[in-house]
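Below is one structure, written out as structure tokens; comments come after it.
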Amino acid sequence: MIWVHMAPAYSDLSLWLSNPELDLTPRPPLDGDAATDVVIVGGGFTGLWTAYYLTERDPSLSVMVIEREICGFGASGRNGGWVVGELPAGVSTYAAHSSHDEAMRQARELFATVDEVGRVTRAEGIACGYQKGGVVRWARNAPQAARQKAEIEHQRAEGFTEDEVRLLTPEDARALGNASDIRSGVFFSACAAVDPARLIRGLARAVEARGVRIVEQTAATRVAPGVVETGRGTVRAATVIRATEAYTRDLVGEKRTMAPIYSLMIATEPLDDHTLGDIGLSTRPTFADDRYMVVYGQRTEDNRIAFGGRGVPYAFGSGINPALEKDASAHELIHRTLLEILPGLAGAAITHRWGGVLGAPRNWMPSLWLDRPSGFGTAGGYVGEGVAAANMAGRTMADLITETDSDLVTLPWVGITSRKWEPEPLRWLGVRGTRMVMDRADAYEYRTDRPSRAGRLAYSLLR
């Protein structure tokens with residue numbers, strides 16, 4: 001059969017995917033009905049890590065991964081490249097579903113996951129610029145500094161050590177990266193910087209080499225126990241795993257399961273030695289400041305600064321519109337924010353602008369579950385913190401599928417489900433309203449150097 005590739009320009013989707021060394025040629029799509037032991041819908045990190053570890057747990061299983069575009073098309077190929085050992089829901093949230101000790105066990109398993117990702121990249125020869133430099137978050141006004149102090153006190157009460165997370169003096173924070181107006185900092189050790197597209201594409205090759213069948217440019221329309229329906233055929237399997245993140249909204253009956261939230265990014269040209277000397281970041285920590293509206297950045301392996309934030313509001317009806325990924329005003333706002341934090345970048349040209357959607361469940365809690373009688377399971381809902389968490393989810397899901405008795409299958413996030421998001425217009429009003437309050441709270445705190453009660457309330461409600 002001759003198959004003609006008529007795909008969009010995948011290399012235009014992000015800095016990471018624009019790498020000319022990456023082969024983005026789609027694999028052949030599904031070519032009719034098929035049967036397999038395990039079918040995984042979604043060729044992002046969750047789906048591919050699940051497939052990877054299934055080949056270790058039980059090499060006799062036949063495994064298929066179905067991807068609507070190419071592996072790495074979604075958030076896995078467009079994110080900030082933070083392999084961060086944390087979840088958007090904290091220890092106390094998961095402890096409410098288990099116990100403090102169990103929630104701490106989960107937190108430390110996620111810390112170890114950062115190293116596991118590094119181990120696999122080395123073992124599989126995936127050159128993705130993995131560098132474990134931790135995270136530095138700068139406090140750049142008095143309210144942020146106060147929140148950092150309270151945070152570290154809370155972390156100590158929870159049981160986290162100085163080696164895991166610690167408060168930084170202004171001098172120590174500046175030594176990691178020369179941001180403006182530093183009042184204090186927090187250093188979190190469990191994080192590595194990567195090129196996520198090279199990681200996901202390398203992982204896809206490794207999975208395929210282990211015998212997993214990956215079909216691309218194959219859009220699933222309905223995912224249910226025992227069956228996945230696509231426009232190119234139906235796949236039947238004893239085990240069906242949904243790992244579709246923000247794109248879950250396109251499946252039959254799943255419009256309100258996950259809210260797609262846009263995050264946009266920019267990248268500078270490779271920086272000269274003078275600029276690099278001014279901004280620091282020589283150990284390649286990922287970085288942010290402690291505003292309510294999330295921002296995130298890294299110094300890439302080729303000495304660019306890649307930086308992003310939540311620049312585009314939630315689209316009515318859980319909309320996903322590729323035009324929003326190129327929103328000029330949002331990218332300009334992100335650029336201004338970067339220059340406020342690192343003014344030494346004033347002369348650096350911006351060479352790449354992109355965006356994408358991340359998936360947010362209603363309870364803001366990443367989780368996974370497998371219903372053993374039906375063989376149906378799901379994993380995800382990382383709210384933008386999934387590069388490491390997806391690996392832990394993949395290992396855990398592989399153990400659940402193969403009925404492997406491990407410490408992973410009893411972690412608190414296993415079995416948690418979330419109610420669906422409210423119908424429109426309530427969903428639109430709630431998400432946009434919360435974002436507006438936090439945005440204004442940040443502006444107020446930078447302008448007055450005083451804490452915003454409204455921002456604190458909106459943030460706590462969101463979490």
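Return the FRET efficiency for the residue pair K420, E151: r is the Cβ-Cβ distance, R0 is 45 Å, and the value is rounded to the nearest 0.05.
Details: r = 31 Å, r/R0 = 0.70.
FRET efficiency, K420 to E151: 0.90.
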Setting aside same-chain residues fewer than 8 positions from K149, which aspartates and glutamates have a Cα under 13 Å from its Cα? D290
Set of aspartates and glutamates near K326 by C-alpha distance (under 15 Å), chain-local residues within fewer than 8 positions excluded: D12
How compact is region 29-188 by the rule of thumb for globular proteins, expressed as Cα Rg over 2.2 N^0.38 Å? 1.33
Taking the C-alpha atoms of the chain, convex hull volume expressed per residue in Å³: 136 Å³
Looking at region 290-410, send over the antiparallel percent of its DSSP beta bridges, to the nearest 5. 100 percent
For region 39-51, what does the Karplus curve 6.51 cos²θ - 1.76 cosθ + 1.60, with θ = phi - 60°, yield as ³J(HN,Hα) per residue in whole Hz, taken in order and with x for Gly and Pro? 10, 10, 9, x, x, x, 4, 4, x, 6, 5, 4, 4
P(r), alpha carbons of region 304-454 - 10 Å bins starting at zero, rounded %: 9, 27, 29, 23, 10, 2
Could you calculate the contour length gain from D181 to A238, that is, 0.36 nm times the residue separation minus the distance between their Cα atoms, to one decimal place in nm? 14.8 nm
Within region 50-67: backbone nitrogen closer than 13 Å to the T402 label point (7 Å, Cα to C-beta): 50-63
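How high is the FRET efficiency between A346 and K255 when r is their beta carbon distance and R₀ equals 51 Å, given to the nearest 0.05?
Working: r = 44 Å, r/R0 = 0.86.
Approximately 0.70, to the nearest 0.05.
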Can you pull the Rg over Rh of region 267-320, Cα-only, Kirkwood? 1.12
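What percent antiparallel are the DSSP beta bridges of the chain, to the nearest 5? Walk me through the numbers on the way to the answer.
On the way: 47 of 69 bridges.
Among the beta bridges of the chain, antiparallel pairing accounts for roughly 70 percent.
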Taking the alpha-carbon centroid of each part, what is the distance from region 388-459 to region 212-236 in angstrom? 28 Å
Mind sorting D31, D273, D195 by how few other Cβ atoms lie within 10 Å of their own Cβ, fewest first? D273, D31, D195
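Arrange M64, M392 by Cβ neighbour counts within 10 Å, fewest through most, would you?
Working: M64 21, M392 28.
In increasing order of surrounding Cβ atoms, one gets M64, M392.
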Where in region 110-147 is the amide nitrogen less than 17 Å from a point lying 7 Å along the Cα-to-Cβ axis of T448? 141-147
At 222 nm, what value in deg cm²/dmol follows for the chain if DSSP H runs of at least 4 each add -39500 (n - 2.57) and the sum is divided by all its residues, to the nearest 500? -10000 deg cm²/dmol
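Quick note: the coordinates plus some simple rules give every number you see, no bench work behind them. All of these numbers come straight from a predicted model, not from anything done at the bench. Neighbour counts are summed over all protein chains in view; Cβ atoms, including those assigned to glycine, are modelled from backbone coordinates with ideal geometry.
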